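A quick write-up on the structure given underneath.
Every number here is computed from the coordinates shown, using simple stated rules; none is lab data. It should be emphasised that the depicted structure is a prediction, and the values quoted were computed from it without experimental measurement. Cβ sites come from the backbone with ideal geometry, for glycine too, and all protein chains shown count toward neighbours.
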Amino acid sequence: MENNWIYIGIFLDEKSKKLLKKLYPLPEWWKEYYDHMTVVFNDNTKLANDIKLINEHNIGKKFKLKLVGPGISDKAYAVQVELPKGLVCANKITHITMGVAPIDGANPVDSNYITNWSKVYDNVYLTGEMKVYVPLTNGALMNTKVDEANIY
């Protein structure tokens, strides 16, 4: 894998996205995501590159993520998930950002700072495929919404 990657994530299938939207609708006016769980963001550190190397054999594989429960702050709304055994993730709390608040400076990365998490006791699973998000080949900035041309 080249070093021009932005992040590796487990991108949810449509059924899982619909389930999350049904279980945890966004507050009015929030920006919607319900897209993926970031495995590692490429910040050019040794840790990021090590996690990328550990997960390279998982690219293209499908995984089940156990739903743990929702978390919310003034900037972000996310759902915590439990990874299958053997997967390695850079985030302290593995989660899927569902949405961000309609305030200046609110971004999906703010889900990393949620401290108010709830637990769900049902055996609910989300499914997705591990993919790599890379920049557009023409050098343009990527949209926040995943374009299939940018992932493999």
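If the label point is 7 Å along Cα→Cβ of Val88, which residues in region 1-25 have backbone nitrogen under 16 Å from it? So the set is 1, 8-9. Computed extension length for Glu28-Lys61: 8.4 nm, one decimal, from 0.36 nm per residue of separation with the Cα-Cα distance subtracted. Angle of helix 14-23 to the longest C-alpha principal axis of the chain, folded into 0 to 90 degrees and rounded to 10: 30°. Note on the chain: dipole from Cβ charges, positive end direction compared against Asn3, Asn123, Val88; the farthest Cα belongs to Asn123.
Add +1 for every Lys or Arg and -1 for every Asp or Glu among the other residues with Cβ under 11 Å from the Cβ of Ala76, and state the total. All intermediate terms of the calculation are to be shown ahead of the outcome.
Values: positive: Lys31, Lys75; negative: Asp74, Asp110.
That works out to 0.
Applying a DSSP loop filter and a limit of 11 other Cβ atoms within 10 Å to the GluC sites (Glu not before Pro) in region 1-82 leaves Glu2, Glu28.
When 1/r is averaged over all different Cα pairs and the result inverted, which Kirkwood radius in Å belongs to region 1-91?
On the way: mean 1/r = 0.0685 Å⁻¹.
This gives a value of 14.6 Å.
Based on alpha-carbon atoms, the Kirkwood radius and the radius of gyration of region 1-42 give Rg/Rh equal to 1.10. Put a plus charge on the Cβ of each Lys and Arg, a minus charge on the Cβ of each Asp and Glu, and nothing anywhere else: the dipole of the chain about its Cα centre is then about 500 debye.
Note on Lys61: lysines with a C-alpha under 19 Å away, same-chain residues under 8 apart excluded, are Lys15, Lys17, Lys52, Lys85, Lys131. At most 12 other Cβ atoms within 10 Å and a DSSP loop assignment: could you name the chymotrypsin sites (Phe, Trp or Tyr not before Pro) in region 1-79 that fit? Those that pass, being in a loop and sparsely packed, are Trp29.
How much length, in nm to one decimal, is gained on full extension between Asp122 and Ile103, taken as 0.36 nm per residue of separation minus their Cα-Cα distance?
On the way: separation 19, 0.36 × 19 = 6.84 nm, distance 3.29 nm.
So the extension gain works out to 3.6 nm.
Here is the tail figure for the chain: Cα pairs spaced more than 28 Å apart come to 16 percent of all pairs. Taking the longest Cα principal axis of the chain as reference, the axis of helix 46-55 is set at about 90 degrees. Restricting the trypsin sites (Lys or Arg not before Pro) of region 7-65 to loop positions (DSSP other than H, G, I, E, B) with no more than 16 neighbouring Cβ atoms within 10 Å leaves Lys61.
Placing a pseudo-label 7 Å from each Cα along the Cα-to-Cβ vector at Ile54 and Leu136 gives an inter-label distance of 3.4 nm.
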